[in-house]
Amino acid sequence: MEDNKELIKALEKTWVVRIPKQHLATFGITNINYYVLTCPVYQDEYSKNPETVIRTGKVIAEKPSVITPTYALNLLGFSSDAYEYFKHIANEYGPNQAGILYQYRNESKNMEIVTGMPQDIASNISKDLDSKNENMSVVMVGVDELWDVALLKFIYELTNFSASSNISEFQGKGLLNPQPQFGGIPKAATEKIEKLFFSAKNGGDKDMLKNELDKWGVFKYYEDRFLSLFR
């Protein structure tokens with residue numbers, strides 16, 4: 001309970017000063033440089049000589065993936081609650097309801113302590129980034145002990161901001177269209193499977209192909225073709 005209170009407190013004191021000028025790429029990797037500014041944990045709230053901790057790094061957003069509840073249930077790394085949610089979506093909308101999976105990784109770079117208030121320094125950094133036309137940089141103010149909460153809040157908001165554009169672009173290429181001949185999985189899945197078949201036929205990893213077929217739950221549709229790779 002105490003942890004939840006601290007988290008809520010951190011969220012209340014966290015805000016994004018400058019957002020990236022573009023949404024997440026639909027068909028490629030997106031690199032976002034970040035600046036998270038906080039008051040150092042040892043500093044008194046009414047200090048006459050305020051200092052600010054500046055943490056910099058890069059959030060790398062992998063190319064968004066089209067998935068279904070069936071596929072999601074075969075992925076590792078989610079909580080038990082998440083898997084229950086995937087089951088609910090499968091029951092509510094069908095096992096092949098197309099959705100988008102976003103995956104991120106954080107690469108921390110540097111930390112320094114400078115003189116001044118976080119909001120003032122954040123404003124200066126933002127103006128400097130604007131003058132350099134740094135379209136994919138974000139500036140945030142957070143809480144020192146939970147500075148990564150600011151980063152998570154930003155990722156959540158950027159994902160929401162990007163989702164509608166990403167979905168429209170996937171739909172524009174027909175990649176969310178169900179393929180009845182393969183059980184109704186989206187076209188993006190069949191295209192990925194075709195690439196893996198081509199790779200396996202030319203000496204690539206057949207186990208990777210088999211795993212992908214199993215994740216989508218479509219091995220029965222490709223069984224003869226898959227077994228022919230061993231003849």
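Residues that are at pLDDT below 95 and either assigned by TED's automatic domain parsing to the domain that holds Glu112 or of a type in the set (Gly, Ala, Ser) (or both), at least 1 per element: which helices (runs of 4 or more DSSP H) completely within region 123-216 meet that?
On the way: elements: 147-172, 187-201, 206-216.
Filter on region 123-216 gives 147-172.
Which condition number in (1) surrounded by 14 or more Cβ atoms within 10 Å (Cβ to Cβ); (2) in the same structural domain as Met140 (by TED's automatic domain parsing); (3) within 15 Å of the chain's Cα centre (by Cα); (4) not acidic (Asp, Glu) is the one that Phe27 fails?
Status for Phe27: all satisfied but (1).
I'd like the full set of residues that are in a loop (DSSP other than H, G, I, E, B) and either over 13 Å from Thr190 (Cα atoms) or among the acidic types (Asp, Glu) (or both), limited to region 64-80. Outline the logic, then answer.
Step one: of region 64-80, the residues in a loop (DSSP other than H, G, I, E, B) are 64, 68, 73-79.
Scanning region 64-80 gives Pro64, Leu73, Asn74, Leu75, Leu76, Gly77, Phe78, Ser79.
Find all pairs meeting these conditions: Cβ atoms under 8 angstrom apart; at least six residues apart or on different chains; first residue within region 23-39 and free of Cβ contacts under 8 Å to residues at least 40 places away in the same chain; second residue surrounded by fewer than 21 Cβ atoms within 10 Å (Cβ to Cβ) and part of a loop (DSSP other than H, G, I, E, B).
As it stands, the answer is Ala25/Lys63; Gly28/Lys63; Ile29/Glu62; Ile29/Lys63, since those pairs meet every condition given.
Working only within region 24-55, note down all residues that are farther than 16 Å from Asn135 by Cα, touching a strand residue (DSSP E or B) at 6+ places or on another chain (Cβ under 7 Å) and hydroxyl-bearing (Ser, Thr, Tyr).
Scanning region 24-55 gives Thr38, Thr52.
Does region 40-48 include one or more residues that are surrounded by 15 or more Cβ atoms within 10 Å (Cβ to Cβ) and either within 23 Å of Asn160 (Cα to Cα) or among the small types (Gly, Ala, Ser) (or both)? If you could, list the steps in order and put the result at the bottom.
As a first pass, look at region 40-48 and keep what is surrounded by 15 or more Cβ atoms within 10 Å (Cβ to Cβ): 43.
Add one more test, that the residue is either within 23 Å of Asn160 (Cα to Cα) or among the small types (Gly, Ala, Ser) (or both), and what stays is none.
No.
Does Tyr35 satisfy the condition of being among the aromatic types (Phe, Trp, Tyr), assigned by TED's automatic domain parsing to the domain that holds Met140 and in contact with a helix residue (DSSP H, G or I) (Cβ under 7 Å, 6 or more places away or on another chain)?
Values: among the aromatic types (Phe, Trp, Tyr): yes; assigned by TED's automatic domain parsing to the domain that holds Met140: yes; in contact with a helix residue (DSSP H, G or I) (Cβ under 7 Å, 6 or more places away or on another chain): yes.
Judged against the criteria, Tyr35 is a match.
Filter region 151-207 for residues that are free of Cβ contacts under 8 Å to residues at least 12 places away in the same chain and at positive phi and give the result.
Within region 151-207, Gly203 is the sole residue that qualifies.
The values are calculated or read from the model by the stated rules, or taken from the named source; none is laboratory data. Predicted model, so just to flag it, every value in this text is computed and none were measured. Because the Cβ atoms are built from the backbone with ideal geometry, glycine has one as well, and the counts that use them run over all protein chains shown.
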